[in-house]
Amino acid sequence: MIGFDPDRGQLFAVPPDEGRGSWAGAPGAFRDGDALFVSYRLRRPQPTRGYELRIAAMRNGRLEDVWRLRKEEIGAESVERAALVRVGDRWRVYPSYVGGEDRKWRIGFIESSSIDGFDARAMRPVLDPDAVGMAAVKDPWLVRERDRWLMFVS
């Protein structure tokens, strides 16, 4: 049996500040051959909240940031967890965020030919809470099942 021992853990992303409400987390990950890529967000206490989403490559046991999205770039009040996948020769990131126009959590979509080439201006919503009769949709997880993708959300 393998047990979880938090004292043996390794910190990969440093919180932006010390103190309550500041952290780096809400990770997503995708393995592409021998390469591992991780998405995570940076958060500060309110009113700032989730202010930046990053994608990093795991190299030599350390995360090296390769891309970032600031909440202002998409007109969001906050960014949350994102799912990251590769489909053929295209990378896809699905950030969840609070829309500035209605303050509802939704999930967006950006596609790129490279892990560091996502253009925030090209993001479009892919899952809106009103479209599915919910108050919010966020924190996507994607799973490939045979010939289709499944998205699990909070």
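Selection of first residues in the range 129-148 that are at negative phi and of second residues that are loosely packed, with under 11 Cβ neighbours inside 10 Å and in a loop (DSSP other than H, G, I, E, B), restricted to Cβ pairs under 8 Å at least 6 apart or on distinct chains, gives the following pairs, ordered by first then second residue: PRO129/ALA135. For the structure I just gave you, tell me whether ARG103 is at pLDDT 95 or above and within 23 Å of THR48 (Cβ to Cβ). No, not satisfied. When VAL126 is tested against (1) surrounded by 14 or more Cβ atoms within 10 Å (Cβ to Cβ); (2) in contact (Cβ under 8 Å) with a residue 40 or more places away in the chain; (3) within 26 Å of LEU36 (Cβ to Cβ); (4) among the hydrophobic types (A, V, I, L, M, F, W, C), only condition (2) is not met. In the range 85-94 there is no residue matching the filter, namely being part of a strand (DSSP E or B) and of a type in the set (Asp, Glu). From the list SER96, SER78, the lone residue that is in contact (Cβ under 8 Å) with a residue 40 or more places away in the chain, among the polar types (S, T, N, Q) and surrounded by 16 or more Cβ atoms within 10 Å (Cβ to Cβ) is SER96.
Residue-wise test of (1) at positive phi; (2) among the aromatic types (Phe, Trp, Tyr); (3) in contact with a Leu (Cβ under 9 Å, 6 or more places away or on another chain); (4) at pLDDT below 95.
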| residue | (1), (2), (3), (4) |
| --- | --- |
| LEU42 | no, no, yes, no |
| ALA56 | no, no, yes, no |
| TRP67 | no, yes, yes, no |
| SER78 | no, no, no, no |
| VAL98 | no, no, no, no |
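Residues checked against (1) surrounded by 18 or more Cβ atoms within 10 Å (Cβ to Cβ); (2) not in a strand (DSSP E or B):
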site: GLY3; (1), (2): no, yes
site: GLY19; (1), (2): no, yes
site: PRO27; (1), (2): no, no
site: PHE37; (1), (2): yes, no
site: ARG54; (1), (2): yes, no
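Here the range 95-113 is the region considered, the condition is being part of a strand (DSSP E or B) and charged (D, E, K, R), and the residue that is nearest to TRP149 (Cα to Cα) is GLU111.
Among the candidates LEU84, LEU150, the residue that is of a type in the set (A, V, I, L, M) and surrounded by fewer than 19 Cβ atoms within 10 Å (Cβ to Cβ) is uniquely LEU150. Cβ-Cβ contacts under 6 Å between residues 6 or more apart (or on different chains), taken from a first residue in the range 101-123 that is over 19 Å from ALA56 (Cβ atoms) to a second residue that is basic (Lys, Arg) and in a loop (DSSP other than H, G, I, E, B), are listed as TRP105/LYS138.
The values are calculated or read from the model by the stated rules, or taken from the named source; none is laboratory data. The structure displayed is predicted, hence computed values, not measured ones. Virtual Cβ from ideal backbone geometry, glycine too; neighbours counted across all protein chains shown.
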